[in-house]
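Trainee: Provided herewith is a single structure, encoded as structure tokens, for subsequent inquiry.
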Amino acid sequence: MSAYGHQMEREFSAQSLLSRGDTGTEMGSRYVSESGFYMTSFAATIFIAGLVTIGVVLVTSVVSLAVMLQSCENKSKGVVATIDKANDNHHYCEILALHGELNGLKPDNVPPLCRNLAVQYIETGGYTRDLDFVMRMIENFFDTVSPSKNRTDAVLIDIDNILVSDPSVRRILESYTKLHSRGWLLILLSRKHEKQRHVTTKHLNSLGFSGWSSLIMRSDLEMEMETREYFCRRRTEMKEQGNEIMSVISSQMDALMGLSLGIQLFKLPNPLYYNFENNYESRIHGLVQIEN
């Protein structure tokens with residue numbers, strides 16, 4: 001073999017040995033993919049651990065989301081149940097109030113639940129809103145009619161329990177003034193005893209009411225009557241005296257029942273008639289003591 005051949009053989013042998021040595025030292029520390037991507041064992045461990053961590057986080061998130069959704073669903077059911085219960089309470093108290101007024105429900109027989117709802121009805125503006133609606137109806141009706149020239153057409157206004165609340169006083173006084181300015185005969189009705197006439201008149205004047213035709217109050221005999229009988233008797237007397245009753249305005253049913261009711265009746269809202277009644281009685285009682 002020539003010197004050049006020996007030289008080539010030696011170089012080939014050296015490269016073969018070097019190649020075999022490299023393969024032996026890297027085989028345990030590298031992974032080779034078919035695409036030619038190389039990764040050390042340490043990097044592979046970190047990569048796998050990362051995948052596991054991401055999986056755990058995802059599972060935890062899914063579980064947490066499921067728990068949150070279940071909690072929201074339970075809360076929603078609770079809110080719906082609360083709303084349903086509130087609606088039931090409201091309807092119950094409405095029915096109770098209607099039948100209570102029809103049958104003369106005593107203040108002590110009103111459930112605390114309905115008293116609380118009535119307070120909310122006033123404090124949230126519901127009473128003022130409903131009162132305004134009814135007063136508009138009254139004003140619209142009287143825009144279509146006029147009193148006769150002989151001034152015998154009367155409007156009867158039940159003053160009990162509607163003149164002790166500031167919102168009701170202002171709105172009722174507004175309509176009262178309009179009726180008076182148009183020439184209607186205004187007759188005020190009260191369930192109170194005749195002995196309270198002076199203090200009742202002072203109370204009406206202090207609120208801005210004046211110019212009424214008469215203030216009807218109960219005698220000793222009438223105090224023993226049912227209020228609906230008392231009102232019916234007084235209305236009949238008015239008819240016999242030649243007065244034509246155009247309308248009766250009241251917040252209570254006993255003044256809107258019986259004979260001689262006139263052409264148009266108007267029922268004012270009265271959510272706290274039992275409470276207003278007690279407050280009014282206390283106020284009148286205190287004024288009577290001062291007068292005495």
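Trainee: Across the range 81-108, what is the number of residues that are modelled with pLDDT of 65 or more and either of a type in the set (Ser, Thr, Tyr) or in a helix (DSSP H, G or I) (or both)?
Mentor: Initially, the range 81-108 is screened for residues modelled with pLDDT of 65 or more, giving 87-106, 108.
Cutting the leftovers down to either of a type in the set (Ser, Thr, Tyr) or in a helix (DSSP H, G or I) (or both) gives us 87-102, 108.
Counting residues in the range 81-108 that are modelled with pLDDT of 65 or more and either of a type in the set (Ser, Thr, Tyr) or in a helix (DSSP H, G or I) (or both) gives 17.
Trainee: Are any residues in the range 146-159 of a type outside the set (S, T, N, Q) and modelled with pLDDT under 90, and if so, which ones? Please lay out each step first, then the result.
Mentor: Looking only at the range 146-159, we keep the residues that are of a type outside the set (S, T, N, Q), and these are 147, 149, 151, 153-159.
Matches in the range 146-159: Lys149, Arg151.
Trainee: Does Met68 satisfy being open to solvent by 100 Å² or more (accessible area, probe 1.4 Å) and at pLDDT 70 or above? I'd like the intermediate steps shown before the answer.
Mentor: Values: open to solvent by 100 Å² or more (accessible area, probe 1.4 Å): yes; at pLDDT 70 or above: yes.
Answer is yes for this residue.
Trainee: Residue check: is Lys195 surrounded by fewer than 18 Cβ atoms within 10 Å (Cβ to Cβ) and either in a loop (DSSP other than H, G, I, E, B) or under 38 Å from the mean Cα position of the chain (by Cα) (or both)? I'd like the intermediate steps shown before the answer.
Mentor: Details: surrounded by fewer than 18 Cβ atoms within 10 Å (Cβ to Cβ): yes; either in a loop (DSSP other than H, G, I, E, B) or under 38 Å from the mean Cα position of the chain (by Cα) (or both): no.
Taking the combined requirement at face value, the residue does not satisfy it.
Trainee: Also, I was wondering about something else. What number of residues in the range 122-164 are among the hydroxyl-bearing types (Ser, Thr, Tyr), over 19 Å from Ser214 (Cα atoms) and surrounded by fewer than 19 Cβ atoms within 10 Å (Cβ to Cβ)?
Mentor: Step one: of the range 122-164, the residues among the hydroxyl-bearing types (Ser, Thr, Tyr) are 124, 127-128, 144, 146, 148, 152.
If we keep only those that are over 19 Å from Ser214 (Cα atoms) as well, we get 124, 127-128, 144, 146.
Remaining after also requiring surrounded by fewer than 19 Cβ atoms within 10 Å (Cβ to Cβ): 124, 128, 144, 146.
So the answer is 4.
Trainee: Could you check, for the range 165-178, whether at least one of its residues is assigned to a loop (DSSP other than H, G, I, E, B), under 22 Å from Glu123 (Cβ atoms) and either in contact (Cβ under 8 Å) with a residue 40 or more places away in the chain or in contact with a strand residue (DSSP E or B) (Cβ under 9 Å, 6 or more places away or on another chain) (or both)?
Mentor: Filtering the range 165-178 down to residues assigned to a loop (DSSP other than H, G, I, E, B) leaves 165.
Next, from what is left, pick out any that are under 22 Å from Glu123 (Cβ atoms): 165.
Checking which are either in contact (Cβ under 8 Å) with a residue 40 or more places away in the chain or in contact with a strand residue (DSSP E or B) (Cβ under 9 Å, 6 or more places away or on another chain) (or both) leaves us with 165.
Yes.
Trainee: Would it be correct to say that Ser250 is under 18 Å from Leu102 (Cβ atoms) and among the polar types (S, T, N, Q)?
Mentor: Working: under 18 Å from Leu102 (Cβ atoms): yes; among the polar types (S, T, N, Q): yes.
Answer is yes for this residue.
The values are calculated or read from the model by the stated rules, or taken from the named source; none is laboratory data. Note that the structure is a prediction, hence the values are computed from the model and not measured. So basically every Cβ, Gly included, is an ideal-geometry build from the backbone, and we count neighbours across all protein chains shown. For the accessible areas, the whole protein counts, side chains as well, though only heavy atoms, and no ligand, DNA or RNA atoms are used. Shrake-Rupley method; radii C 1.70, N 1.55, O 1.52, S 1.80 Å.
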